[in-house]
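Input: a single structure, listed below in structure tokens.
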Amino acid sequence: MNLWSAPTFTPERKFDSTLTIPGSKSVTNRALILASLAQTTSTIIQPLIARDTELMIKGLQAIGVEIKNTQIDGQAALTVTPNKLMGPAQIDVGNAGTVMRFLPPVAALANGLIHFDGDPRSHERPIDEVIKALEQLSVSIEHNNKYRLPITINGNGKLKGGRIEIDASASSQFISSLLLIGPATETGLEIINIGKSLPSLPHIEMTIAMLEQFGAKVEVTKNQNSPAKISWKVSPSKLIGQQIVIEPDLSNAAPFLVAAMVCQSKVTIKNWPIKTNQPGDQLRHILEKMGAKIELHKTKNESTCDLVLTATGRINGIDIDMSELGELTPTIAALACFANSKSRLRNIEHLRKHETDRLMAIATEFNKFIPPNNLAAGTLLVKEGQDFLEINPMPLQTPNTAFKSYADHRMATAGAILGLKVSGVQVEDIETTRKTLPDFPGLWRALLG
């Protein structure tokens with residue numbers, strides 16, 4: 001593995017930087033699916049072009065969707081022209097949750113054999129509930145009774161629809177994957193979560209908002225006595241192609257905002273959406289609680305603003321439920337290492353099934369920074385519980401070994417954050433950040449000036 005030397009900040013080089021964050025992976029991949037199932041051509045403006053979206057594009061192209069690069073008013077764009085979905089096809093999902101969970105239901109609408117495989121980690125990540133749901137809809141799937149990748153779907157070109165019970169405790173993407181194909185079924189879908197929890201609910205709300213943008217009708221029924229017991233009804237309908245502008249990926253803004261706090265500096269993030277379903281928008285409130293000054297400055301574009309974060313010289317510990325904000329956990333945990341008090345990040349057991357077991361990875365790699373005297377006393381920087389992390393700030397030392405990324409983009413950026421205050425940090429496989437950021441090292445250098 002290549003090792004990347006994380007830049008260390010020096011106090012005399014405080015920065016006041018302005019950055020534009022590339023488009024949202026979550027929005028781009030949902031837009032690609034919906035555009036592929038629409039009746040007319042769509043244009044996706046300022047899409048994210050990174051590994052996860054490239055895998056989605058190639059997968060859709062493999063089953064017959066026409067996707068071409070173009071420009072609209074000087075902005076990069078994709079034109080998506082739906083065609084009849086056909087196999088045979090081989091689809092590489094990499095380690096992209098949206099690809100491994102969103103594309104199999106689309107493949108069930110196609111004719112022919114469509115085979116899915118990916119990175120070694122993809123064989124460990126859960127897609128069982130998606131497979132079981134499709135089997136409830138009488139889709140033929142070969143998975144060797146493992147309910148894991150690799151799988152082969154044998155579609156007959158249509159799905160009748162019906163009622164599906166699904167346990168979405170492990171991932172909200174199980175629900176989104178079925179919502180996205182609901183309008184293309186003959187009778188519609190009724191999806192019922194029977195799980196005890198439902199992580200990352202804002203991502204489901206994002207899916208519904210985008211479905212409605214393309215003309216779908218979705219009814220949501222909630223149970224006040226049991227917040228996770230939610231059901232969704234998607235009516236059969238013909239989706240209409242859209243021109244859609246992709247928002248910046250707000251979760252990808254997290255390391256840059258946190259860096260300004262750690263470095264007692266200032267950063268402006270351009271084009272922050274005023275209204276959004278992205279969970280990353282909660283960064284504004286989380287970082288304010290942790291001591292930052294956050295301002296929203298109006299721009300000529302009525303739908304966006306400039307978000308300005310100014311460090312105040314204070315980083316507070318935090319006790320927070322991260323069940324809906326799991327993708328922010330490695331970044332907030334890194335910031336918490338420099339806080340003035342302990343932090344506790346709760347309700348994050350589902351992160352054990354993300355790109356890696358993030359709770360294990362954070363505890364293992366962060367605890368490499370413990371000074372010898374604390375280590376001898378048995379004092380941990382990070383305590384790992386089954387569904388929580390506790391961070392106990394202390395002076396940090398340079399690790400004796402590289403900071404492992406576990407092929408997880410958010411672990412890699414967390415290593416970069418710790419390297420701001422600890423010299424000599426070597427991050428393994430920084431290239432894994434290409435999963436959702438085309439050039440993280442370049443943006444990091446631009447931030448630090």
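Data for the structure
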| quantity | calculated |
| --- | --- |
| Selected residue (criterion: surrounded by the fewest Cβ atoms within 10 Å (Cβ to Cβ)) from residues of the range 410-449 that are assigned to a helix (DSSP H, G or I) and of a type in the set (S, T, Y) | T432 |
| Residues within the range 397-409 that are part of a helix (DSSP H, G or I) and either outside the structural domain of V262 (by TED's automatic domain parsing) or more than 16 Å from the chain's Cα centre (by Cα) (or both), tallied | 0 |
| Where K368 falls short, out of the listed (1) part of a loop (DSSP other than H, G, I, E, B); (2) more than 24 Å from the chain's Cα centre (by Cα) | (1) |
| Qualifying residue in the range 104-111 (condition: assigned by TED's automatic domain parsing to the domain that holds N156, of a type in the set (S, T, N, Q), in contact (Cβ under 8 Å) with a residue 12 or more places away in the chain and crowded, with 24+ Cβ neighbours inside 10 Å) | no |
| Among residues of the range 278-297, those that are crowded, with 19+ Cβ neighbours inside 10 Å and either part of a helix (DSSP H, G or I) or touching a residue at least 60 places away in the same chain (Cβ under 8 Å) (or both), counted | 7 |
| Filter result (in contact with a Pro (Cβ under 9 Å, 6 or more places away or on another chain) and crowded, with 24+ Cβ neighbours inside 10 Å) within the range 331-349 | T331, A334, A336, I348 |
| Restricting the range 22-56 to residues that are among the β-branched types (V, I, T) and surrounded by fewer than 23 Cβ atoms within 10 Å (Cβ to Cβ), the residue that is farthest from A260 (Cα to Cα) | T40 |
| Answer residue from the range 80-115, given it is among the aliphatic types (A, V, I, L, M) and either touching a His at 6+ places or on another chain (Cβ under 9 Å) or assigned to a helix (DSSP H, G or I) (or both) and is nearest to S24 (Cα to Cα) among those | V99 |
| Condition check for T79: in the same structural domain as E54 (by TED's automatic domain parsing), of a type in the set (S, T, Y) and in contact (Cβ under 8 Å) with a residue 40 or more places away in the chain | no |
| Filter pass, S177 being buried (at least 22 other Cβ atoms within 10 Å of the Cβ) and closer than 30 Å to A292 by Cβ | no |
| Out of T43, T70, T53, T8, sole residue that is in contact (Cβ under 8 Å) with a residue 40 or more places away in the chain and closer than 20 Å to G241 by Cβ | T43 |
| Residue within the range 41-60 that is over 20 Å from the mean Cα position of the chain (by Cα), closer than 21 Å to M100 by Cα and part of a helix (DSSP H, G or I) present | no |
| Elements of type strands (runs of 3 or more DSSP E) contained in the range 135-187, each with 3 or more residues being more than 23 Å from I204 (Cα to Cα) and modelled with pLDDT of 95 or more | 140-142, 151-156 |
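The values are calculated or read from the model by the stated rules, or taken from the named source; none is laboratory data. Treat the numbers as computed from the prediction; the structure is a model and nothing was measured. All Cβ positions, even for glycine, are placed from backbone atoms using ideal geometry, and neighbour counts span all protein chains on display.
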